[in-house]
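Asks: First the structure, then my questions, so here it is.
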Amino acid sequence: MTYLKRLLALLIMVAAGAAPALAQQLPPAAPPPAATAPAPTTSGAVNPADSGYILGPDDVVEVDVLGQPEFKTRARIRSDGMIALPFIGTVQVRGKTPITFATDVGAQLRAGGYYSNPIVTVEIASYASRYVVVLGEVVQPGLQPVDRAYRVSEIIARAGGLKPSGADYIIVRREDGSELKLPFRQLAMGSEADDPVVGAGDKIYVPEAETFYIYGQINAPGVYGIQTGMTVRKALARGGGLTQAGSEKRVKIFRNGEPVKVEMELPIKSGDVIVVGERLF
């Protein structure tokens, strides 16, 4: 019995001495997980394509608060720039972007104690207040809404493009009264600097092409539009070139009914009549 007690005591001492060493070999316990901070919320959300659009009269907007169906409102902006919303009443919209409007609505709902942290969504259902006027020799003249930043070439494309009777340049009249004359070829094939952005209230006009007349010893007599920089030489080429019997030395030009001195590099003017005579044999 005494032997057994001594053996048991020895085992207890050994176990007690090994415990610290064993504890050092064990990996440290993982710290308790930290509390996750709540994700920040926003008081406004809009379609990115509409973010820079300036709201105005006759635009139709849809205003909603996430998770609050009782607030959802679809309304047309009145002529004074106001719309009526639940709880907060009539608010001014004109001159604001969807982002600033959503932020304002969220702030008013929080200030009034209606919602603690509303997420306001603003969508434009119909664009009416911002447009450009497209007139002249295009397929579909009329109003073109500008719901984003459009370049002149894009507006012309939306209007169906130029008619064959259109001039080879476009006139843009800005809302401030300034004007730009843009060659169509440069507009279509140049850099972004050659294709400016239009603004609400701008007018785009495509004039009818000025024409000249050519007949006589020419392969394709008729009436043709005058292109920018067109000379007598280019006019002859536009008419298909001289026939075998035609002669450059027997070309006559009548301007306002009066003959003018013919030079191959003479600029063509509206209404000019070119007569190609027959060579002498």
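Asks: Applying the selection to segment 161-178, what residues are more than 13 Å from Ala209 (Cβ to Cβ) and at pLDDT below 95?
Replies: Gly161, Arg174, Glu175, Asp176, Gly177, Ser178
Asks: What number of residues within segment 113-136 satisfy the criterion of being open to solvent by less than 40 Å² (accessible area, probe 1.4 Å), in a loop (DSSP other than H, G, I, E, B) and in contact with a strand residue (DSSP E or B) (Cβ under 6 Å, 6 or more places away or on another chain)?
Replies: Total meeting the criteria: 1.
Asks: Under the condition of being hydroxyl-bearing (Ser, Thr, Tyr) and open to solvent by 70 Å² or more (accessible area, probe 1.4 Å), which residue from segment 189-219 is farthest from Glu175 (Cα to Cα)?
Replies: This residue is Tyr215.
Asks: Additional query: For segment 82-112, give me each residue that is in a helix (DSSP H, G or I) and open to solvent by less than 70 Å² (accessible area, probe 1.4 Å). Break it down into steps so the answer makes sense when it comes.
Replies: In the first step, residues of segment 82-112 are kept if they are in a helix (DSSP H, G or I); the result is 98-111.
Listed by number, the residues that qualify are Pro98, Thr100, Phe101, Ala102, Thr103, Asp104, Val105, Gly106, Ala107, Leu109.
Asks: Starting from segment 119-133, keep only residues that are closer than 27 Å to Arg173 by Cα and touching a residue at least 60 places away in the same chain (Cβ under 8 Å), then list their pairs with residues that are open to solvent by 50 Å² or more (accessible area, probe 1.4 Å) and part of a strand (DSSP E or B) whose Cβ atoms are within a distance under 8 Å, requiring at least 6 positions of separation or different chains.
Replies: Close Cβ pairs satisfying both conditions: Ser126/Arg76; Tyr131/Leu143; Val132/Leu143; Val132/Lys203; Val133/Leu143; Val133/Lys203.
Asks: Is it the case that some residue within segment 103-113 is closer than 16 Å to Ile54 by Cβ and free of Cβ contacts under 8 Å to residues at least 24 places away in the same chain?
Replies: yes
Asks: Go through segment 240-281 and count every residue that is under 17 Å from Met230 (Cα atoms) and polar (S, T, N, Q).
Replies: So the answer is 1.
Asks: Just to be sure before I move on: is Ala29 surrounded by 10 or more Cβ atoms within 10 Å (Cβ to Cβ), of a type in the set (Gly, Ala, Ser), more than 27 Å from Ala149 (Cβ to Cβ) and modelled with pLDDT under 55 in the structure I sent?
Replies: Details: surrounded by 10 or more Cβ atoms within 10 Å (Cβ to Cβ): no; of a type in the set (Gly, Ala, Ser): yes; more than 27 Å from Ala149 (Cβ to Cβ): yes; modelled with pLDDT under 55: yes.
Here the answer is no, as Ala29 does not meet what is asked.
Asks: Here's a follow-up. Which condition breaks for Val206 when tested against (1) out of contact with any Asp or Glu (no Cβ under 6 Å at 6 or more places or on another chain); (2) in contact (Cβ under 8 Å) with a residue 60 or more places away in the chain; (3) within 30 Å of Val146 (Cβ to Cβ)?
Replies: (1)
Asks: Another question, if that's okay. Go through segment 130-174 and give me each residue that's among the polar types (S, T, N, Q) and more than 16 Å from the chain's Cα centre (by Cα).
Replies: Matches in segment 130-174: Gln140, Ser165.
Asks: While we're on this one: Check whether at least one residue in segment 152-161 is in contact with a helix residue (DSSP H, G or I) (Cβ under 6 Å, 6 or more places away or on another chain), open to solvent by less than 70 Å² (accessible area, probe 1.4 Å), among the polar types (S, T, N, Q) and on the phi < 0 side of the Ramachandran plot, and report yes or no.
Replies: Yes, some residue in segment 152-161 is in contact with a helix residue (DSSP H, G or I) (Cβ under 6 Å, 6 or more places away or on another chain), open to solvent by less than 70 Å² (accessible area, probe 1.4 Å), among the polar types (S, T, N, Q) and on the phi < 0 side of the Ramachandran plot.
Asks: Could you grab me the full set of residues in segment 268-281 that are under 14 Å from Tyr213 (Cα atoms), open to solvent by less than 90 Å² (accessible area, probe 1.4 Å) and of a type outside the set (Val, Ile, Thr)?
Replies: Ser270, Gly271, Asp272 - these are the residues of segment 268-281 that are under 14 Å from Tyr213 (Cα atoms), open to solvent by less than 90 Å² (accessible area, probe 1.4 Å) and of a type outside the set (Val, Ile, Thr).
Asks: Let me ask another. Report yes if Ile171 is out of contact with any His (no Cβ under 8 Å at 6 or more places or on another chain) and open to solvent by less than 20 Å² (accessible area, probe 1.4 Å), otherwise no.
Replies: No: the conditions fail for Ile171.
Asks: Here's something else I'd like to know. Would you point out the residue of segment 230-254, among those that are open to solvent by less than 50 Å² (accessible area, probe 1.4 Å) and within 45 Å of the chain's Cα centre (by Cα), that is nearest to Pro207 (Cα to Cα)? Lay out the reasoning, then the answer.
Replies: Residues of segment 230-254 that are open to solvent by less than 50 Å² (accessible area, probe 1.4 Å), as a first pass: 230-232, 235-236, 239-241, 243, 245-247, 251, 253.
Checking which are within 45 Å of the chain's Cα centre (by Cα) leaves us with 230-232, 235-236, 239-241.
Working: Met230: 17, Thr231: 20, Val232: 22, Ala235: 20, Leu236: 24, Gly239: 22, Gly240: 25, Gly241: 27 Å.
Top of the filtered list is Met230.
Asks: Follow-up. Gly229 fails exactly one of the following numbered conditions: (1) at positive phi; (2) touching a residue at least 40 places away in the same chain (Cβ under 8 Å). What is the number of that condition?
Replies: (2)
The values are calculated or read from the model by the stated rules, or taken from the named source; none is laboratory data. Keep in mind that what you see is a predicted model, and the values were worked out from it rather than measured. Methodologically, a virtual Cβ is constructed for each residue, glycine included, from the backbone with ideal geometry; neighbour enumeration extends over all protein chains shown. Keep in mind that these areas ignore ligands, DNA and RNA; they rest on the heavy atoms of the full protein, side chains included. Shrake-Rupley method; radii C 1.70, N 1.55, O 1.52, S 1.80 Å.
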